[in-house]
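> There's a structure below that I have some questions on.
The values are calculated or read from the model by the stated rules, or taken from the named source; none is laboratory data. Keep in mind it's a predicted model, so treat the numbers as computed, not measured. Because the Cβ atoms are built from the backbone with ideal geometry, glycine has one as well, and the counts that use them run over all protein chains shown. The accessibility values were calculated without ligands, DNA or RNA, using every heavy atom of the protein model including side chains. Shrake-Rupley method; radii C 1.70, N 1.55, O 1.52, S 1.80 Å.
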2 protein chains.
Amino acid sequence: MRILILGGDGYLGWPTAMHFSDAGHEVTVADSFAKRKWEVELGIAPLAPVPSLHHRVRSWKRITGKTITMRVGDLTNARSVYGLLEEARPDAIVHYGEQPSAPYSMQNRTAAVETQVNNVVGTLNVLFAMRHACPDAHLVKLGTMGEYGTPNIDIEEGYLTVTHNGRSDTMLYPKKPASFYHLSKVHDSHNIEFACRIWGVRATDLNQGVVYGVDTDHTLRDPLLRTSFHYDHVFGTVINRFLVQASLGAPLSVYGKGGQTRGFLDIRDTVQCVDLAVHNPAAAGEFRVFNQFTEQYSVLDLAHRVQAAGARAGLAVQLEHLDNPRAEAEEHYYNASHSHLADLGLVPHLLTDDSLDRMLAVVHAQSGGVDRADLAPTIKWKGGGARVQV
Amino acid sequence: MRILILGGDGYLGWPTAMHFSDAGHEVTVADSFAKRKWEVELGIAPLAPVPSLHHRVRSWKRITGKTITMRVGDLTNARSVYGLLEEARPDAIVHYGEQPSAPYSMQNRTAAVETQVNNVVGTLNVLFAMRHACPDAHLVKLGTMGEYGTPNIDIEEGYLTVTHNGRSDTMLYPKKPASFYHLSKVHDSHNIEFACRIWGVRATDLNQGVVYGVDTDHTLRDPLLRTSFHYDHVFGTVINRFLVQASLGAPLSVYGKGGQTRGFLDIRDTVQCVDLAVHNPAAAGEFRVFNQFTEQYSVLDLAHRVQAAGARAGLAVQLEHLDNPRAEAEEHYYNASHSHLADLGLVPHLLTDDSLDRMLAVVHAQSGGVDRADLAPTIKWKGGGARVQV
């Protein structure tokens, strides 16, 4: 298959590209390097330096003999997107190419608008370019479980069958996201569903949980093939941040009570889920939603798990409850369905003590250059933040 | 009260501004004149020439002695919006300032992106500027009944109480809009609800039906106070277009079977509803949704009503079923709640034979300059349109 990975320089995009290339597919990665620019502006960096995408593509060729084609372009530039799709003529487009951080989007007006314009316009451009260049291609779009919020009823996969006043309909699941970033993903989902309805686009919306993990089989093959691992308060996800805090002997920063429950998955399962979606495409005109996570935990549960892993490694790890910088319920019902990917054959890598111990060891070995200031959540949902409000 | 009308040059904005000014409020109108630019680009014009907003504000002063303050600015320009709100310090902001046409948004990629960026960024800027300049002000935002689509269950006012697997929650009503324009309004609604939740903004989202009518009491006071009346396929709403077709002896253009049922209201009731919302503000942090229409009709019912009005006026009016340019159900269940505004005291102007006869007479008298080419729906939802697809 011809597979185009948008956001191929990212934490998940690069391992996905190697996975498909290794399996013999014709892979193109595209990126604008916007995330690297945002890192520079915020003065933050991944745990270990990540070679340029150019360098990693060349290393992949040298190490495996396989070619990943690289293109540089911004999804908000329509001519660039049309040209990219005309050239790549993909069978599947895996779309990670968005601003991926809730705290980033909550800094101020500029960042909120930038996030929504970047994500919504980029996805609109992809949809129009697909109609033009590859109307039969399958769009595999990364969304987030955060689109749903924390409703008091079970979360289903994209749709909810409602009976009301004696009549019934199956409707898009009502979403209540909790940041301008999460809102951008809800906007995307609505736009993509509409494109499926009117143009017959094939689309799978992967409402992904919180990803953790350092490595996949392919990143482990050579340090020059590594992917980015963020521990900071902007791009770092909670388990990854806890692992870095544990390795430093810094307290694990629990936001508020820590009763916030979310779905989680191992980075290797992100790649596996995307593979399953690509190889089992949506039908023409189908807008399909998969909830992409393998286990549910509360933040406090996770802190205790990482604390125990620390103890096993001889690290004294404390917990610290910070004032919650976010606006979110800290105690709530949470039960989210996630059977569609399991039905397609997903075999999860669960968060075992063994996997925690291995991740902690890797992180500990790399934690010499950590800037502890980047662990503190300085961006507040109710106002204030890292920059002036403009 | 200090009342700021965004989009004050428009079909509804200008009559709203006169209404509040006449009632003794301190009114500021702001507009970027974007809609006049879009008209120029499309080569379309209202039925009768509309004086500039500058001229109308001066005429209003001359005729009534009352001052409406005018400011020119674009809501997508954040500095302009912040400055406007700092200067006007409004108690209520009535926000009509968006690209208002579904067909406009469906022309091509450029128009779809322009519509979503203009509407979403404009509203985000208003929300951030409110937080900065007037956090206790009440945002009265014009949405559309088209956000809901045509679900197989009753449409409620913004929220739906759902029981699922033995648990219950009151959730945002799931929406399924049918154009990139309608999608932009859904995006706005989600963004505004979030701002209410995190910052305590007061907001009323008016999900308005299809407006018809030529005049309000204030526009009738002088031809220099008139508002725009569009009959074209881009900005003309269905009853207004039918009235122009009837006055020309042209067939009434029914899209498809005409079973499409929608909510409708008289332009005088738009003004009345906005008045009721402004004088009964949402609470701090409340995101309130009113369905703003007074009657439900199918397109075919309306065509027959206008045909009968034509007969009473001595005009032989035919019906013509065109291939539907839109992607929409032409036979469907439709039952939308609209009790909140009635509970606040709305006394509707219903679509009587008398009101139809009076509107037809006014339109007939002004129809000498109609360009019949502008009646044909050349913009197709499934592709193609007035311009090249870019």
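> Counting only DSSP beta bridges with both residues in chain B, what percent are antiparallel, rounded to the nearest 5? Before the final figure, lay out the partial values.
Working: 10 of 49 bridges.
Antiparallel bridges: around 20 percent, rounded to the nearest 5.
> Among A:ALA203, A:GLN260, A:VAL214, pick out the residue whose Cα is farthest towards the positive end of the charge dipole of the range A:141-282, where Lys and Arg carry +1 and Asp and Glu carry -1 on C-beta, about the Cα centre.
Going by the Cα projections, it comes out as A:GLN260.
> With a ≥ b ≥ c taken as the square roots of the eigenvalues of the C-alpha gyration tensor of the range A:246-287, please select rounded if a/c is under 1.5 and otherwise prolate if a/b is larger than b/c or oblate if it is not?
Values: a/c = 6.19, a/b = 2.34, b/c = 2.65.
Because a/c hits 1.5 or more and a/b fails to exceed b/c, the range A:246-287 counts as oblate.
> How many angstrom separate the Cα center of the range B:30-91 from the Cα center of the range B:237-303?
So the separation of the two Cα centres works out to 23 Å.
> At R0 = 56 Å, how high is the FRET efficiency between B:TYR159 and A:HIS55 if r is their beta carbon distance? Nearest 0.05 is fine.
Numbers: r = 52 Å, r/R0 = 0.93.
FRET efficiency, B:TYR159 to A:HIS55: 0.60.
> Please name whichever of B:ILE192, B:THR163, B:ILE239 sits farthest to the positive end of the charge dipole of the range B:2-375, dipole taken about the Cα centre and charges placed at Cβ: Lys and Arg +1, Asp and Glu -1.
After comparing all options, I get B:ILE192.
> If you take each beta carbon of peptide B:127-137 and count the beta carbons of other chains within 10 angstrom, what is the mean?
On the way: counts 2, 7, 1, 0, 4, 4, 0, 0, 1, 0, 0.
Other-chain Cβ atoms within 10 Å of each residue's Cβ, averaged: 2.
> I would also like to ask the following. Full extension from A:THR378 to A:LYS257: what is 0.36 nm times the residue separation minus their Cα-Cα distance, to one decimal in nm?
The span from A:THR378 to A:LYS257 would gain 41.8 nm if fully extended.
> Apply the Karplus curve 6.51 cos²θ - 1.76 cosθ + 1.60, θ = phi - 60°, to the phi angles in the range A:22-36 and return the couplings in whole Hz, x for Gly and Pro.
Once rounded to whole Hz, the list reads 4, 7, x, 7, 8, 10, 10, 10, 10, 7, 9, 6, 4, 5, 5.
> Another question, if that's okay. Along Cα-to-Cβ, 7 Å out, sits the label point; list in nm, shortest first, how far the one on A:LEU224 is from those in the other copies.
Label point to label point, same position, other copies: 7.8 nm.
> Just the number, please: carbon plus sulfur as a percent of the accessible area of chain A, 1.4 Å probe, no ligands or DNA/RNA counted.
Working: 6880 of 13460 Å².
The computed percentage sits at 51.
> Please figure out what share of the DSSP beta bridges in the protein assembly as shown is antiparallel and state it in percent, rounded to the nearest 5.
Beta bridges within the protein assembly as shown, antiparallel portion: roughly 20 percent.
> Taking the Cα centre of the range B:252-353 as origin, work out the dipole magnitude from +1 charges on Lys and Arg Cβ and -1 charges on Asp and Glu Cβ, in debye rounded to 20. Working shown, then result.
Numbers: 7 positive and 13 negative charges, 24 e Å.
Using Cβ point charges on Lys, Arg, Asp and Glu, the range B:252-353 gives about 120 debye.
> Let me check I've understood the local charge: for B:LYS176, count other residues with C-beta under 10 angstrom from its C-beta, Lys and Arg +1, Asp and Glu -1. What total comes out?
Details: positive: A:ARG197, B:LYS175; negative: A:ASP169, A:GLU193, B:GLU147.
Neighbourhood net charge equals -1.
> Pop out the ³J(HN,Hα) list for the range B:56-66 in order, Karplus 6.51 cos²θ - 1.76 cosθ + 1.60 with θ = phi - 60°, rounded to Hz; leave Gly and Pro as x.
Karplus-based 3J(HN,Hα) across the range B:56-66 equals 5, 5, 5, 5, 4, 5, 5, 7, 10, x, 9 Hz.
> Calculate, for B:VAL347 and A:SER339, the FRET efficiency according to 1/(1 + (r/R0)^6) with r their C-beta to C-beta distance and R0 56 Å; round to the nearest 0.05. Walk me through the numbers on the way to the answer.
On the way: r = 52 Å, r/R0 = 0.94.
For R0 = 56 Å, the calculated efficiency reads 0.60.
> Using packing as a proxy for protection, rank A:353-360, A:93-100 so that the peptide with the highest average count of other Cβ atoms within 10 Å comes first. Could the numbers behind the result be given before it?
Numbers: A:353-360: 17.1, A:93-100: 26.1.
The densest-packed peptide leads the list: A:93-100, A:353-360.
> Right, another one. Could you compute the net charge surrounding B:ALA78? Neighbours are other residues with a C-beta less than 13 Å from the C-beta of B:ALA78; K and R count +1, D and E count -1. Could the numbers behind the result be given before it?
On the way: positive: A:ARG109, B:ARG79, B:ARG131; negative: A:GLU114, B:ASP74, B:GLU86.
Here the charged neighbours net out to 0.
> Is there a simple number for the mean count of other chain Cβ atoms within 10 Å of the Cβ of residues in A:108-116, and what is it? List each step's numbers first, then the result.
Numbers: counts 1, 11, 2, 0, 7, 8, 1, 0, 7.
Mean partner-chain Cβ count within 10 Å for A:108-116: 4.
> ³J(HN,Hα) across the range A:41-55 via Karplus (A = 6.51, B = -1.76, C = 1.60, θ = phi - 60°), whole Hz, x for Gly/Pro?
Using θ = phi - 60°, the values come out as 4, 8, x, 10, 8, x, 4, 10, x, 10, x, 4, 4, 4, 5 Hz.
> Quick one: label points 7 angstrom along Cα→Cβ at A:ALA311, distances to the other copies in nm, smallest first?
Taking the point 7 Å beyond Cα along Cα→Cβ, the inter-copy spacings are 8.7 nm.
> For B:VAL40, tell me the accessible area in Å² from a 1.4 Å probe, rounded to the nearest 10.
So the heavy atoms of B:VAL40 present about 120 Å² to solvent.
> OK, next. How well do other chains shield peptide A:184-196, expressed as the mean number of their Cβ atoms within 10 Å of each residue Cβ? Kindly include the intermediate steps, with their values, before the conclusion.
Working: counts 4, 0, 5, 9, 1, 0, 10, 8, 0, 3, 11, 1, 0.
Across the residues of A:184-196, the mean count of other-chain Cβ atoms within 10 Å is 4.
> Taking the highest mean first, how do the peptides B:241-249, B:7-15, A:332-340, A:170-178 order by number of other beta carbon atoms within 10 angstrom per residue? Numbers along the way, then the final one.
On the way: B:241-249: 24.3, B:7-15: 26.1, A:332-340: 16.8, A:170-178: 20.6.
With the highest mean Cβ count within 10 Å placed first, the list reads B:7-15, B:241-249, A:170-178, A:332-340.
> Based on Cβ point charges of +1 for Lys and Arg and -1 for Asp and Glu, what charge dipole magnitude is obtained for chain B about its Cα centre, in debye rounded to the nearest 20? Don't jump to the answer; show the numbers that get you there.
On the way: 36 positive and 42 negative charges, 175 e Å.
For this selection, approximately 840 debye.
> Let me ask you something else. Sorted by average packing, counted as other Cβ atoms within 10 angstrom per residue and highest first, what order do A:147-153, A:69-75 take? Mind dumping the intermediate values first?
On the way: A:147-153: 21.3, A:69-75: 18.0.
Per-residue Cβ counts within 10 Å, averaged per peptide and sorted highest first, yield A:147-153, A:69-75.
> Sequence-distant or interchain residues sharing an amide H contact under 5 Å with A:THR216, placed H: which?
none
> Taking every alpha carbon pair in the range B:2-375, what does the distance histogram look like in 20 angstrom bins from 0, in percent?
Histogram of Cα-Cα distances, whole percents per bin: 29, 61, 10, 0.
> Per residue, how much accessible surface does the range A:2-375 expose to a 1.4 Å probe? Answer in Å², no decimals.
Numbers: 12520 Å² over 374 residues.
Dividing the accessible area of the range A:2-375 by its residue count gives 33 Å².
> How far apart, in nanometres, would the label points at A:GLU86 and A:ALA283 be if each is projected 7 angstrom from Cα along the Cα-to-Cβ direction?
It works out to 3.4 nm between the two label points.
> At 1.4 Å probe size, with no ligands or nucleic acids counted, give the accessible surface of A:LEU6 in Å², nearest ten.
Per-residue accessible area (A:LEU6): approximately 0 Å².
> For A:GLY200, place a label point 7 Å out from Cα along the Cα→Cβ vector, do the same in each other copy, and report the separations in nm, one decimal, smallest first.
Distances to the matching label points in the other copies: 5.4 nm.
> What does the charge count near B:ARG62 come to, summing +1 for each Lys or Arg and -1 for each Asp or Glu among other residues with Cβ under 13 Å from its Cβ? Each step should come with its number before you reach the end.
Numbers: positive: B:ARG56, B:ARG58, B:LYS61, B:LYS66, B:ARG221; negative: B:ASP222.
Around B:ARG62, the charge tally is +4.
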